[in-house]
Amino acid sequence: MISSPLKIKARARRVVESALRRQAKPVRRLMLATGRDRSPVLPEIVQIESTNICNAKCVFCPRDEMHRSQGIMSFDLFRKVVDECAELGITHVRVHNYGEPFVDRQLVEKVRYAKSRGIREVGMISNGSLITEPVARGMIEAGLDAINISVDASGREVFESTRVGLKYDKVIGNIERLVRLRSEMGRRRPKLILSFVRQNNSADEQAFIEHWRRIADKIHVTDLHNWAGTLNTESDVNYPCYRPWLTFTVLWDGRVSLCCADFDGRTILGDLNTSSISEVWNAEPYMRARRLHLESGGPDICRSCDLPSKDSPLWVVKLKGFGERGQGIRDKDRE
Ligand code: SF4
């Protein structure tokens with residue numbers, strides 16, 4: 001039987017990924033030896049935490065372990081961050097981090113502002129419970145590019161016992177209305193991505209996913225992660241995580257944390273109240289975090305984090321030629 005080119009490509013990809021996983025140590029050493037602990041000139045994605053407040057209490061979320069203060073990013077700070085992204089040519093901005101972004105009543109205006117500054121891709125993750133009709137219309141009109149809503153495939157009972165505080169019918173109704181409004185308004189965006197946490201793979205679960213596959217633009221079946229070792233400390237990840245090289249996470253109060261998994265801001269690398277994105281990104285604390293990551297799997301929170309096990313180690317090829325180009329990773333390689 002002759003394999004299709006797509007199958008050959010997928011197989012080749014798996015082979016390379018598995019080789020990279022096996023050769024993680026030499027890869028790390030090579031990255032260090034070739035100066036990859038320095039950053040690409042700019043981050044690929046800037047993730048802005050509109051708020052870390054949430055209206056739910058999901059059983060798989062380490063909210064009880066969060067000790068930093070809760071709040072909503074001021075419009076002035078949001079504007080400063082977005083203005084810098086626009087000036088630097090950063091094209092991917094997300095308006096979520098930890099917390100439910102729609103708790104922020106100014107979110108529609110914030111998205112509108114980001115789009116008005118020419119940010120090409122503005123996206124977010126939401127639990128879907130606060131997307132009222134005005135919010136849905138507002139987001140469509142403001143130009144939100146993508147929204148990822150988490151839904152569970154095993155129905156109302158599992159949903160309401162795990163996503164404590166949320167109502168299944170309300171979330172499903174909000175999603176359906178968003179899709180209907182988008183169509184009535186003649187828009188194709190925001191793209192709708194629905195995430196399902198992998199559970200029992202039952203026939204019901206499969207049927208549910210198939211139903212939504214016809215409605216959503218993309219289905220994302222996902223596994224839970226351990227929130228940088230907070231929920232458990234088991235991780236067999238041995239290859240470098242892409243986040244210190246490609247993503248930049250701004251907490252609601254302007255501090256910059258290591259990544260999206262650092263929900264409590266344990267590894268703070270700078271502060272946008274007093275510095276710019278490029279200053280923080282290229283300063284010693286960030287460099288040190290990358291260096292530690294290659295030398296010993298650090299900083300501390302990385303050592304027991306299993307989030308990279310969900311990623312492809314192939315991201316390292318994005319760093320090829322770093323040093324000569326900088327711009328290349330932003331325009332050509334990010335797609
Ligand atoms: S390994 Fe985990 S904690 Fe470290 S940067 Fe990656 S996602 Fe964040």
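Among the residues making up the stretch 51-84, those that are part of a loop (DSSP other than H, G, I, E, B) and touching a Ser or Thr at 6+ places or on another chain (Cβ under 9 Å) are 52, 55, 56, 59, 60, 62, 70, 71, 73. In the stretch 291-303, the residues that are more than 12 Å from residue 37 (Cα to Cα) reach residues that are part of a helix (DSSP H, G or I) and of a type in the set (Gly, Ala, Ser) with C-beta atoms within less than 9 angstrom, at least six apart or across chains, in these pairs: 298/289; 299/289; 302/289; 303/296. In the stretch 24-36, how many residues are assigned to a helix (DSSP H, G or I) and under 15 Å from residue 315 (Cβ atoms)? Qualifying residue count for the region: 5.
Checking the condition closer than 27 Å to residue 70 by Cα, touching a residue at least 40 places away in the same chain (Cβ under 8 Å), of a type in the set (Val, Ile, Thr) and surrounded by fewer than 16 Cβ atoms within 10 Å (Cβ to Cβ), which residue from 222, 233, 249 passes? Steps first, please.
Working: 222 fails: closer than 27 Å to residue 70 by Cα; 249 fails: surrounded by fewer than 16 Cβ atoms within 10 Å (Cβ to Cβ).
That would be 233, the only listed residue that is closer than 27 Å to residue 70 by Cα, touching a residue at least 40 places away in the same chain (Cβ under 8 Å), of a type in the set (Val, Ile, Thr) and surrounded by fewer than 16 Cβ atoms within 10 Å (Cβ to Cβ).
Taken together, the residues in the stretch 234-255 that are part of a loop (DSSP other than H, G, I, E, B) and either away from the ligand (no atom under 12 Å from the Cβ) or over 17 Å from residue 266 (Cβ atoms) (or both) amount to 11.
Could you run through the stretch 1-23 and say how many residues are surrounded by fewer than 16 Cβ atoms within 10 Å (Cβ to Cβ) and either part of a loop (DSSP other than H, G, I, E, B) or aliphatic (A, V, I, L, M) (or both)?
Matching residues across the stretch 1-23 total 12.
When the stretch 268-279 is filtered for residues that are over 24 Å from residue 230 (Cβ atoms) and either in contact (Cβ under 8 Å) with a residue 12 or more places away in the chain or basic (Lys, Arg) (or both), the ones remaining, listed by number, are 272, 273, 276, 277, 278. Among the residues of the stretch 167-210, write down those that are of a type in the set (A, V, I, L, M, F, W, C), outside any helix (DSSP H, G or I) and out of contact with any Phe, Trp or Tyr (no Cβ under 7 Å at 6 or more places or on another chain). Result: 185, 192, 193, 196, 197.
Evaluate the following for residue 274: is it more than 16 Å from the ligand (Cβ to nearest atom), surrounded by fewer than 14 Cβ atoms within 10 Å (Cβ to Cβ) and assigned to a loop (DSSP other than H, G, I, E, B)? Yes, satisfied.
Kindly evaluate residue 306 against the criterion of being among the acidic types (Asp, Glu) and at pLDDT below 95. Considered against the rule, which asks whether it is among the acidic types (Asp, Glu) and at pLDDT below 95, residue 306 comes out as yes.
The values are calculated or read from the model by the stated rules, or taken from the named source; none is laboratory data. Note that this is a predicted model, so its numbers are computed, not measured. As a convention, Cβ positions derive from the backbone with ideal geometry for all residues, glycine included, and neighbour counts pool all protein chains shown.
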